[in-house]
Structure formats: structure tokens, C-alpha cells
Amino acid sequence: MGFGSRFGVALLCWLLASAASSDPWGFPSGNSGPWRLRGDSRRSQPWARVDLSQLRALSPRPAVAVRCREGQLAVTVRRDLFGTGRPVRAAELSLGTASCPPLSTNAAQTFVTFVAALHECGSTLQVTPDSLIYRTTLFYKPTRSGNPLIVRATPAEVPIECHYPRRSNVSSGAVHPTWAPFRSTVAAEERLRFSLRLMDDEWSRERLSNGFQLGDSLRLQADVTSEGHVPLRLFVDQCVATASPDRSSSPRYAFIDLGGCLVDSRAEDTGSAFVSPRPRPESLRFLVDAFKFAGDTGNLLYISCHLRVSPAAEAPNSRNKACSFSKASGL
């Protein structure tokens, strides 16, 4: 290798890494505008939101009540929908864009009930960081009166939402699983943070410049932060140098390969090697002599490394390894 040619290095990394009630109207009073129904005061429970802004507020009880269950929602509609004393026909009510009919159309009943699975009747799902929100709409579509020239009723749409918390398990409580709750599993996965950095000569801090000359050594440190996780040991399965950000582009040089071997250390004129001992199991340091691609007129080298972890209690083996070539022993 010659000296005096200066270039930059960019680092990239990729990683493996149901209740029933005899009173369907046992809900809070006040039905003007949007209101919320909760089965429990805690935010960890599913709850419903119903927008009644299109309906009149002449009755102390809500015209539409919703109960969000584990896999379905139940909608109870008062036939005196507008509080005028004139009941609507059950056949004029439907749920969702699929126009699902009610369970019963008995004209003698004072209320109409819909029960549907959360994904049925054309409902939609929105995923937020905290909730799963299922949305549907109750439609009232009045039929024409005997005189086609006059209209005696106004159509109405009542938006309905069921909110389910993502950070708690929604369960009836009848079954006690032995596996880890979904909440704790996701939390552990989200706390694995991988990093790949160029370090200074003392390995004490990240290098401020990514400029090198041929003859220099690149000091690279890979880390994983494992908050709340079992102790882990980090490995670098592969590191590839390319002249563009695409790690599959050509020219391409894999200086760490074979599942964790620093193959660049086999060259006669390099001092490339993993640094031993590790500063800690979740950190791995390695030296690579600076290089460029022959005939490449660019001055930027992209390094992409594949990082992986295994339990720290598991001894290194043929799959989990960080090996360098020993020129003294030839191994």
C-alpha cells in the first residue's frame, strides 16, 4: 500500500436481530357531542368512543351505547334514536360500510342490538404507539314516506371507535398463561440498540474525523445496549467495504466473513485483528488497516457490518466467534 492518499469512511450496520347486562342502558348520562364509555377507569382497559353530534339530546340516556369486548363489539341503539318519541325501524339501521343488519328486527322492542367481530362489517384498524383503534359507523337510512315529494326523517351517521391498549394484555382473566406476556417481550426487543463507531487511538471516545491515509489503522467498535435484557455477547458476523452505500454493489470486499472471522488478517502486510480481551461481553473492538479499491478514483469507503448477539452464558463456538488469523502459528 502507498502512503499519502487520503479518503473518508462511512459506517453502516444491519441487524438480525364477554359480559352481558340485563339493562342495556346502564351507561353514563349526557349524550350531546362525543362521549366515551370505559369498562374501567384505568387506561389499560379497552374503551369506546361514540360521536353523537348528529343526534338530538332530548333524552338523559345516550341513543347509542357500545361495549368493546376482546374480539368483538356490541352496539345497542335506542329505537327512539332522535329523542322525538317516534321510533325508527330496525331495518333502517345498519353497521359499517358492509351494511351489517341487527340481530333482531322485532318492532316491539325498544332497542336494536348489533354484535360483530372487530374486523367485520367493513371496520378499519389504526395502530398507534399506545393503542389499536377499530373504527366503524352506525348508519340510519330512513325509507321514503308514502308521498315521494316530502321527507320526514334525516339520515344520520354515528362514528364508533373501540380502543385497545397495546401495552397491556387484554384477557378475560380465565386463563393464566405460562409464557412471557407480549408486553414484556416487545419491551425487551425494543431495548436492544446496536451501534458501530470509529474510535480514537486510545479507544476512549468516538473519532471526530472519518478521514484516513493509507497506512493508518481503522479502530472500529461495535456495541449493543441491552437494558432490561438477559446478559448478551456481541458478535460481528460480516463486514463489507464498498464504494457506494449499497453493500451488494461492486467492487466489494468482505474483510470479516465466514461467520465472524477477520479474513483481512491473513494478508502478509496487515495488522488487522480483533482486540482481546473485550472491554465487556456486549462490546467488540477490531483493527483494520486502511485500504482503497484499485482503480477507484473516489475518496469515500462505505463499511457495512452485520451485528448479532447471543446469551453471554453461552460459550463461543463455531457459530458464535470472533477469530483472527495468527501469522505466528498459521492458524
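Can you confirm whether segment 238-261 contains a residue that is within 16 Å of LEU11 (Cβ to Cβ), of a type outside the set (Val, Ile, Thr) and touching a His at 6+ places or on another chain (Cβ under 6 Å)? Within segment 238-261, one or more residues are within 16 Å of LEU11 (Cβ to Cβ), of a type outside the set (Val, Ile, Thr) and touching a His at 6+ places or on another chain (Cβ under 6 Å). The set of residues from segment 217-246 being open to solvent by 60 Å² or more (accessible area, probe 1.4 Å) and either on the phi > 0 side of the Ramachandran plot or modelled with pLDDT of 90 or more (or both) comprises GLY228, PRO245, ASP246. Scanning segment 100-114 for residues that are at pLDDT below 90 and not β-branched (Val, Ile, Thr) turns up LEU103, SER104, ASN106, ALA107, ALA108, GLN109, PHE111.
Do we find a residue being modelled with pLDDT of 85 or more and in a strand (DSSP E or B) anywhere in segment 172-194?
Our first condition is that a residue be modelled with pLDDT of 85 or more; within segment 172-194, this holds for 193-194.
Still in the running and in a strand (DSSP E or B): 193-194.
Within segment 172-194, one or more residues are modelled with pLDDT of 85 or more and in a strand (DSSP E or B).
State all residues of segment 270-313 that are among the charged types (D, E, K, R), open to solvent by less than 70 Å² (accessible area, probe 1.4 Å), closer than 18 Å to PRO231 by Cα and part of a loop (DSSP other than H, G, I, E, B); if no residue qualifies, say none.
ARG278, GLU282
Determine, yes or no, whether LEU258 is on the phi > 0 side of the Ramachandran plot and of a type outside the set (Gly, Ala, Ser). Yes, satisfied.
On the stretch given as segment 74-113, residues that are loosely packed, with under 14 Cβ neighbours inside 10 Å, of a type in the set (S, T, N, Q) and on the phi < 0 side of the Ramachandran plot total 7. Among the residues here, ARG319 does not qualify as among the charged types (D, E, K, R), under 19 Å from TRP203 (Cβ atoms), assigned to a loop (DSSP other than H, G, I, E, B) and under 33 Å from the mean Cα position of the chain (by Cα).
Within segment 81-91, the presence of at least one residue that is of a type in the set (Lys, Arg), over 24 Å from ALA117 (Cβ atoms) and at pLDDT below 90 is confirmed. Mind listing whichever residues of segment 133-159 are modelled with pLDDT of 85 or more and either closer than 23 Å to ARG86 by Cβ or in contact with a helix residue (DSSP H, G or I) (Cβ under 8 Å, 6 or more places away or on another chain) (or both)? Passing the criteria: THR137, LEU138, PHE139, TYR140, LYS141, PRO142, PRO155, ALA156, GLU157, VAL158. Taking the criterion of being touching an Asp or Glu at 6+ places or on another chain (Cβ under 6 Å), in a strand (DSSP E or B) and open to solvent by 50 Å² or more (accessible area, probe 1.4 Å), the only residue of segment 195-216 that qualifies is ARG197. In segment 115-132 there is at least one residue that is touching a Cys at 6+ places or on another chain (Cβ under 9 Å), modelled with pLDDT of 85 or more and assigned to a strand (DSSP E or B).
The values are calculated or read from the model by the stated rules, or taken from the named source; none is laboratory data. Keep in mind that this is a model prediction, so the values were computed, not measured. Virtual Cβ from ideal backbone geometry, glycine too; neighbours counted across all protein chains shown. We work out accessible area using only protein heavy atoms, side chains counted, and drop any ligands, DNA or RNA first. Shrake-Rupley method; radii C 1.70, N 1.55, O 1.52, S 1.80 Å.
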